Ligand code: DHB
Ligand code: MG
């Protein structure tokens, strides 16, 4: 929805707060150039994620779904000197593009892209990387519940588990929906709603990405 009031407000905010530098713009271009899905977060969402990482003083972060590295760079920029981010990407071709973007951002020392199955990689994280402080999931929605269950075992108290795309234009309200992604994110909402190990806030969002939302769960 390029011309909607929500998009126009997002564009105004990006401009007014100078949210997207040339590197972030180049990453958007690289998404288009490499025929990747246009699923990168918006700059407004990027700044929000960056703030979350700063607020919890995140030193060890995990991202599931690197794509071209747009959100990866936002999270990487929130890391302090000894911080690390491991970003997991299923596609080796996307990971190669992301690594180049991370290099251009000057973040290669702190940010590592690992390719393969996310659950396998989560299960193989080095003990000295754990417990993590923040996990951002923004990949195939069908495995969100498994990622969450794994995160419960490997985050510190106070760690944030953030999941993108949990509203799906409100499609989650339709009991008869055939939208597979809405069905699985609804399962994710049911999972976190019923879990006593986390405190959760759902942020419904509008903007350049349309109408969707973020789930923020804090490990108790
Ligand atoms: C889809 C995935 C995303 O991560 C996103 O932000 C928007 C849409 C999708 O698979 O449809
Ligand atoms: Mg997303």
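Here, each number is a calculation from the coordinates, and none is a lab measurement. Computed from a predicted structure; not experimentally measured. Positions of Cβ are backbone-derived with ideal geometry, glycine not excepted, and every protein chain shown enters the neighbour counts.
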Inter-part gap, Cα centre of the stretch 107-145 to Cα centre of the stretch 80-95, in whole angstrom, is 8 Å
Extent along principal axes [Cα atoms of the chain; Å; largest to smallest]: 44, 42, 32
With the cut-off at 1.5 for a/c, could you classify the stretch 174-219 from its C-alpha gyration tensor as rounded, prolate or oblate? oblate
In Å, the Kirkwood hydrodynamic radius from C-alpha pairs for the stretch 1-89 sits at 13.8 Å
Fraction of beta bridges assigned by DSSP in the stretch 100-216 that are antiparallel (%, nearest 5): 65 percent
DSSP bridge pairs, the chain: antiparallel proportion in percent, nearest 5: 45 percent
Efficiency of FRET from Cβ geometry, residue 12 and residue 127, R₀ 41 Å, rounded to 0.05: 0.35
Sorted by Cβ density within 10 Å, fewest first, the residues 51, 137: 51, 137
Please give the calculated 222 nm ellipticity per residue for the chain, where each DSSP H segment of at least 4 residues contributes -39500 (n - 2.57) and the sum is spread over every residue; nearest 500 deg cm²/dmol? -12500 deg cm²/dmol
Taking the alpha-carbon centroid of each part, what is the distance from the stretch 161-220 to the stretch 19-66 in angstrom? 19 Å
